[in-house]
Amino acid sequence: MLETLFSIFATLLVIQGLVSLKGGFDYLNYVMKTLAEELSIFTPKVAVFAPCKGLDEGMNDFLQSLFELDYLDYQLIFAVENLSDDAVELISKWQKKYPNIKADLVVAGRSKECGQKVFNLLKAIEKVDDSVEVYAFVDSDVSLPKEWLRSLVAPLKDKEIGATTGYRWFIATKGFATFLRAAWNGTVATALGAGRGNFAWGGSMAILRTTFETIKVKDFWKGSVSDDYSLTSAVKASGLYVKFVPSCIVPSFGQTTFSELLEFTTRQVIITRVYSNKIWKILFATSFFFNSVFLWGIFQSFYSAILNRNFLPMALTFIIYLLTVWKGYLRIKAITLILVKYKGEILRYKYGYYLLVPLVSLLYLYNLVCSATTRKITWRGINYELRSSNETLITG
């Protein structure tokens, strides 16, 4: 009876795996297609917003990449909470080094009713030159290729596109926790694609100024802790869509501990639950189903093979695992086409990306279970309680 029941669930999981594998092929094909396309000639003046707090690992590389973008007309607007922030001195150093690039520093003050990052951005937008036509946003823990801004802005020529986005890819260095963070994050990075269901990521996104004002993004940011999920909601509410630009996936560096890994990954899923509950429910259902059936399959395989000489559960479990390995292979193949400069670092851990997908799935399940029990997060040293998508309580 248990063997039959397992075979039914395992077959359903194989079907789910095949659908996921097709998504992997679709993602790879989309990446190859977009990388082969020439950029449209659309280079309006851009304001690049860079909210900062503290010194991220590789901050000098981040600042250098910002000041050396291959774009004719752009201004930089850094935003910090206060002048005592460690980033201020470093930003000043690079401002002096590149006097030809217009770069302003905005001191936002402490937020009382929304996420500090969102508050910083709201204050920074007040300082934009009237001639600016596009808003671009970047996080301070990444390094940008020279063509990043051109690639991010070019698709906005299409008026059906509400915003453009890339994503982050963690470059794994030393430590298993650091690798696991990269693998976990990689599954999110490759969830974007050619369709209209994409979400924007605040570390690499852009929007026309007129669109930003027309769809009233500021209203969606009120009381919000998530700049990108709220902007995505504003875009979709207007009938527009977010276009994913693979070449705007940007590398992020730094090591992490297991406690930091669990805090980071759980925070992301809690934010997803609050700002995109439908996606969270789908993730919970699919993650619970995969982990339950796969773990059941491991035990059922040995039990059936040893006691009943029945190898069907083992075969089904192996097929399920093989599909995850194949999807992992496609993911890494696509990412190495984008982040060519870091291909060696990524491929150094390629077998981990291929073989440890079930472990990443277990981490996701842990995050989902935790996110079902709390709406409290800590982000950049500030404690928040996310009461709703437009109500944030700052608790410390």
Which condition number in (1) under 18 Å from the mean Cα position of the chain (by Cα); (2) farther than 22 Å from Trp169 by Cα; (3) surrounded by 15 or more Cβ atoms within 10 Å (Cβ to Cβ) is the one that Leu368 fails? (2)
Looking at segment 45-64, can you tell me whether even one residue there is over 30 Å from Glu89 (Cβ atoms) and in contact with a helix residue (DSSP H, G or I) (Cβ under 8 Å, 6 or more places away or on another chain)? no
Check on Phe42, out of contact with any helix residue (DSSP H, G or I) (no Cβ under 9 Å at 6 or more places or on another chain), closer than 30 Å to Ile125 by Cβ and either assigned to a helix (DSSP H, G or I) or among the aromatic types (Phe, Trp, Tyr) (or both): no
Between Tyr384, Tyr303, Tyr342, which is over 19 Å from the mean Cα position of the chain (by Cα) and more than 30 Å from Ser224 (Cα to Cα)? Tyr303
Run down Gly202, Gly195, Gly166 and say which single residue is within 26 Å of Thr336 (Cβ to Cβ) and without any contact (Cβ under 8 Å) to a residue 12 or more places away in the chain. Gly195
What number goes with the only condition from (1) outside the structural domain of Ile377 (by TED's automatic domain parsing); (2) under 19 Å from Trp201 (Cβ atoms) that Gly23 does not pass? (1)
Restricting segment 186-202 to residues that are surrounded by 20 or more Cβ atoms within 10 Å (Cβ to Cβ) and not β-branched (Val, Ile, Thr), which is modelled with the lowest pLDDT? Ala189
Restricting attention to segment 337-396, report how many residues are within 28 Å of Lys218 (Cβ to Cβ) and among the aromatic types (Phe, Trp, Tyr). 2
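For segment 143-155, check the following and say yes or no: at least one residue is within 23 Å of Arg209 (Cβ to Cβ) and without any contact (Cβ under 8 Å) to a residue 40 or more places away in the chain.
No, segment 143-155 contains no residue that is within 23 Å of Arg209 (Cβ to Cβ) and without any contact (Cβ under 8 Å) to a residue 40 or more places away in the chain.
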Only one of (1) out of contact with any Cys (no Cβ under 9 Å at 6 or more places or on another chain); (2) touching a residue at least 24 places away in the same chain (Cβ under 8 Å); (3) not assigned by TED's automatic domain parsing to the domain that holds Pro155 does not apply to Tyr229, and that is (3)
If I filter segment 267-294 down to residues being charged (D, E, K, R) and free of Cβ contacts under 8 Å to residues at least 40 places away in the same chain, which single residue comes out as surrounded by the fewest Cβ atoms within 10 Å (Cβ to Cβ)? Lys278
Inside segment 203-258, counting only strands (runs of 3 or more DSSP E) that do not spill past its ends, which hold 3 or more residues that are within 17 Å of Val128 (Cβ to Cβ) and modelled with pLDDT of 95 or more? 204-208
Among the residues that make up segment 155-177, is at least one of them charged (D, E, K, R), out of contact with any Leu (no Cβ under 8 Å at 6 or more places or on another chain), assigned by TED's automatic domain parsing to the domain that holds Leu192 and part of a strand (DSSP E or B)? yes
Does Thr317 satisfy being at pLDDT 95 or above, more than 15 Å from Arg168 (Cα to Cα), out of contact with any strand residue (DSSP E or B) (no Cβ under 9 Å at 6 or more places or on another chain) and in a helix (DSSP H, G or I)? yes
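Across segment 165-185, which residue is farthest from the chain's Cα centre (by Cα) among those that are among the small types (Gly, Ala, Ser) and surrounded by fewer than 19 Cβ atoms within 10 Å (Cβ to Cβ)?
At the first step, the residues of segment 165-185 found to be among the small types (Gly, Ala, Ser) are 166, 172, 175, 177, 182-183.
In the following step, the residues that additionally are surrounded by fewer than 19 Cβ atoms within 10 Å (Cβ to Cβ) were identified as 175, 177.
On the way: Gly175: 21, Ala177: 18 Å.
Applying the filter and picking the extreme gives Gly175.
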Residue count for segment 335-355, restricted to those that are crowded, with 18+ Cβ neighbours inside 10 Å and among the small types (Gly, Ala, Ser): 1
When the residues of segment 1-35 are narrowed to those that are among the polar types (S, T, N, Q) and more than 18 Å from Pro246 (Cα to Cα), which ends up modelled with the lowest pLDDT? Thr4
Search segment 295-309 for residues that are under 28 Å from Leu363 (Cα atoms) and pair each with any residue that is β-branched (Val, Ile, Thr) and surrounded by 14 or more Cβ atoms within 10 Å (Cβ to Cβ) when their beta-carbon atoms are under 9 Å apart and the residues are at least 6 apart or on different chains. Trp296/Thr317; Gly297/Thr317; Gly297/Ile320; Ile298/Thr317; Gln300/Thr317; Ser301/Thr317
Helices (runs of 4 or more DSSP H) enclosed by segment 55-143 - at least 3 residues per element that are surrounded by 22 or more Cβ atoms within 10 Å (Cβ to Cβ): 59-67, 116-125
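The values are calculated or read from the model by the stated rules, or taken from the named source; none is laboratory data. Here the structure is a predicted model, which is why all the values come from computation and not from measurement. Heads up, the Cβs are rebuilt from the backbone with ideal geometry, glycines too, and the neighbour counts pull from every protein chain shown.
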